[in-house]
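J.: I'd like to ask you about the structure that follows.
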């Protein structure tokens with residue numbers, strides 16, 4: 001294989017490496033900034049559980065290992081760092097994808113990055129303010145006079161971080177499907193036709209992501225059903241149309257001609 005044939009692939013890998021490095025740096029900066037407020041951040045994170053436990057008269061958490069509290073605070077700072085770095089993470093992701101877009105489609109780049117952060121924030125907030133209170137009440141309802149709930153810091157952080165990130169990313173569904181429709185990968189009739197299969201996947205996915213209880217599964221699946229309908233509206237508005245197909249063919253032709261001219265100049269040199 002010639003050097004010219006290898007070049008695009010190696011350049012692609014190099015670009016991926018650079019974007020991953022910048023993403024890790026953004027997370028690291030967020031982690032360092034959050035570490036100075038780790039105790040306060042953990043108090044905010046456990047607030048829904050403390051409120052739910054207070055209603056049962058026992059608002060107390062424990063740690064079962066000597067280093068557990070220390071590592072829990074580190075993980076809280078890391079989780080916060082990831083959340084703070086989401087604008088950079090989404091920017092780098094869409095920048096990596098953007099070379100596959102046509103010139104006319106790249107005007108949507110900045111709104112896509114903004115909406116990615118917005119939907120992630122809405123999803124995480126939905127999990128924190130809506131799902132957590134009802135979910136914790138459900139779990140604590142199994143406590144009796146002889147059985148008390150004594151959640152540990154490590155277990156709670158694992159549960160909370162998983163749920164917050166899960167809700168944040170699943171709320172990206174409208175943006176992802178609308179983007180796929182714009183690229184011509186899916187169509188509005190396709191989304192409507194496969195609605196029942198999508199609903200089934202939502203409940204299966206919610207069962208895999210959330211704890212094994214009906215309450216949190218339904219509270220994740222129902223918003224996904226609504227987001228799917230929003231995706232259909234977005235695909236209808238921004239999806240690829242026949243006029244777009246003709247414009248894309250013209251742009252492909254122009255790109256091909258520019259590439260041919262570049263190769264001719266290189267051959268002459």
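The values are calculated or read from the model by the stated rules, or taken from the named source; none is laboratory data. Quick caveat, the model's predicted, so the values are computed rather than measured. Methodologically, a virtual Cβ is constructed for each residue, glycine included, from the backbone with ideal geometry; neighbour enumeration extends over all protein chains shown.
J.: Just the residues that are under 13 Å from residue 234 (Cα atoms) and not in a loop (DSSP other than H, G, I, E, B), please, taken from region 156-173. Steps first, please.
T.: Of the residues in region 156-173, the ones under 13 Å from residue 234 (Cα atoms) are 172-173.
Once the filter is applied, which keeps residues that are under 13 Å from residue 234 (Cα atoms) and not in a loop (DSSP other than H, G, I, E, B), region 156-173 yields only 173.
J.: So, residue 28, is that one modelled with pLDDT of 95 or more, surrounded by 16 or more Cβ atoms within 10 Å (Cβ to Cβ) and assigned to a helix (DSSP H, G or I) or not? Spell out the reasoning first.
T.: Values: modelled with pLDDT of 95 or more: yes; surrounded by 16 or more Cβ atoms within 10 Å (Cβ to Cβ): no; assigned to a helix (DSSP H, G or I): yes.
Against the criterion (modelled with pLDDT of 95 or more, surrounded by 16 or more Cβ atoms within 10 Å (Cβ to Cβ) and assigned to a helix (DSSP H, G or I)), residue 28 does not qualify.
J.: Just to be sure before I move on: is residue 120 part of a helix (DSSP H, G or I), under 15 Å from the mean Cα position of the chain (by Cα), at negative phi and modelled with pLDDT under 90 in the structure I sent? Talk me through it step by step, then tell me what you get.
T.: Details: part of a helix (DSSP H, G or I): yes; under 15 Å from the mean Cα position of the chain (by Cα): yes; at negative phi: yes; modelled with pLDDT under 90: no.
No: the conditions fail for residue 120.
J.: Another question, if that's okay. So which of 176, 186, 218 ends up being within 18 Å of residue 138 (Cβ to Cβ) and either more than 19 Å from the chain's Cα centre (by Cα) or assigned to a helix (DSSP H, G or I) (or both)?
T.: Working: 176 fails: within 18 Å of residue 138 (Cβ to Cβ); 186 fails: within 18 Å of residue 138 (Cβ to Cβ).
Selected residue: 218, the only one of 176, 186, 218 that is within 18 Å of residue 138 (Cβ to Cβ) and either more than 19 Å from the chain's Cα centre (by Cα) or assigned to a helix (DSSP H, G or I) (or both).
J.: While we're here: Check whether at least one residue in region 192-204 is assigned to a loop (DSSP other than H, G, I, E, B), loosely packed, with under 15 Cβ neighbours inside 10 Å and either modelled with pLDDT of 90 or more or more than 18 Å from the chain's Cα centre (by Cα) (or both), and report yes or no. Before you say what the answer is, go through the steps one by one.
T.: Residues of region 192-204 assigned to a loop (DSSP other than H, G, I, E, B): 194.
Filter once more, so that each one left must be loosely packed, with under 15 Cβ neighbours inside 10 Å: 194.
Among the residues that remain, those that are also either modelled with pLDDT of 90 or more or more than 18 Å from the chain's Cα centre (by Cα) (or both) are: 194.
Scanning region 192-204, I find at least one residue that is assigned to a loop (DSSP other than H, G, I, E, B), loosely packed, with under 15 Cβ neighbours inside 10 Å and either modelled with pLDDT of 90 or more or more than 18 Å from the chain's Cα centre (by Cα) (or both), so the answer is yes.
J.: In the list 182, 254, which residue meets the criterion of being under 20 Å from residue 116 (Cβ atoms) and modelled with pLDDT under 85? If you could, list the steps in order and put the result at the bottom.
T.: On the way: 254 fails: under 20 Å from residue 116 (Cβ atoms).
Just a single option satisfies the conditions, and that option is 182.
J.: Continuing with the same structure: Can you confirm whether region 148-159 contains a residue that is surrounded by fewer than 18 Cβ atoms within 10 Å (Cβ to Cβ), at pLDDT 85 or above, out of contact with any strand residue (DSSP E or B) (no Cβ under 8 Å at 6 or more places or on another chain) and under 30 Å from residue 15 (Cβ atoms)?
T.: Checked region 148-159: no residue is surrounded by fewer than 18 Cβ atoms within 10 Å (Cβ to Cβ), at pLDDT 85 or above, out of contact with any strand residue (DSSP E or B) (no Cβ under 8 Å at 6 or more places or on another chain) and under 30 Å from residue 15 (Cβ atoms).
J.: Is at least one residue of region 115-122 more than 30 Å from residue 63 (Cβ to Cβ) and without any contact (Cβ under 8 Å) to a residue 24 or more places away in the chain?
T.: Yes.
J.: Next up: So is residue 170 modelled with pLDDT of 90 or more, surrounded by fewer than 13 Cβ atoms within 10 Å (Cβ to Cβ) and within 19 Å of the chain's Cα centre (by Cα) or not? Break it down stepwise before answering.
T.: On the way: modelled with pLDDT of 90 or more: yes; surrounded by fewer than 13 Cβ atoms within 10 Å (Cβ to Cβ): no; within 19 Å of the chain's Cα centre (by Cα): yes.
Spelling it out, it is not the case that residue 170 is modelled with pLDDT of 90 or more, surrounded by fewer than 13 Cβ atoms within 10 Å (Cβ to Cβ) and within 19 Å of the chain's Cα centre (by Cα).
J.: So which pairs qualify, if the first residue must be in region 124-144 and surrounded by fewer than 17 Cβ atoms within 10 Å (Cβ to Cβ), the second must be assigned to a loop (DSSP other than H, G, I, E, B), the Cβ gap must be under 7 Å, and the two must be at least 6 apart or on different chains?
T.: Filtered contacts from region 124-144: 138/213; 143/56; 143/149.
J.: Something else now. At pLDDT below 95, within 17 Å of residue 165 (Cβ to Cβ) and in a helix (DSSP H, G or I), is that true of residue 48? If you could, list the steps in order and put the result at the bottom.
T.: Values: at pLDDT below 95: yes; within 17 Å of residue 165 (Cβ to Cβ): yes; in a helix (DSSP H, G or I): yes.
Judged against the criteria, residue 48 is a match.
Table: residues versus (1) farther than 27 Å from residue 146 by Cα; (2) modelled with pLDDT of 90 or more; (3) loosely packed, with under 14 Cβ neighbours inside 10 Å.
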site: 61; (1), (2), (3): no, no, no
site: 70; (1), (2), (3): yes, yes, yes
site: 73; (1), (2), (3): yes, yes, no
site: 89; (1), (2), (3): yes, yes, no
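J.: Considering only residues that are under 15 Å from the mean Cα position of the chain (by Cα) and touching a residue at least 60 places away in the same chain (Cβ under 8 Å), look in region 147-167 and name the one that is farthest from residue 227 (Cα to Cα).
T.: Going residue by residue through region 147-167, those that are under 15 Å from the mean Cα position of the chain (by Cα) are 161-167.
So of that shortlist, the ones also touching a residue at least 60 places away in the same chain (Cβ under 8 Å) come out as 161, 164-165.
Details: 161: 22, 164: 17, 165: 17 Å.
Restricting to residues being under 15 Å from the mean Cα position of the chain (by Cα) and touching a residue at least 60 places away in the same chain (Cβ under 8 Å), the top hit is 161.
J.: Also, quick follow-up: Could you list, in sequence order, the residues of region 203-232 that are out of contact with any helix residue (DSSP H, G or I) (no Cβ under 8 Å at 6 or more places or on another chain) and more than 19 Å from residue 120 (Cα to Cα)?
T.: Result: 204, 208, 212, 214.
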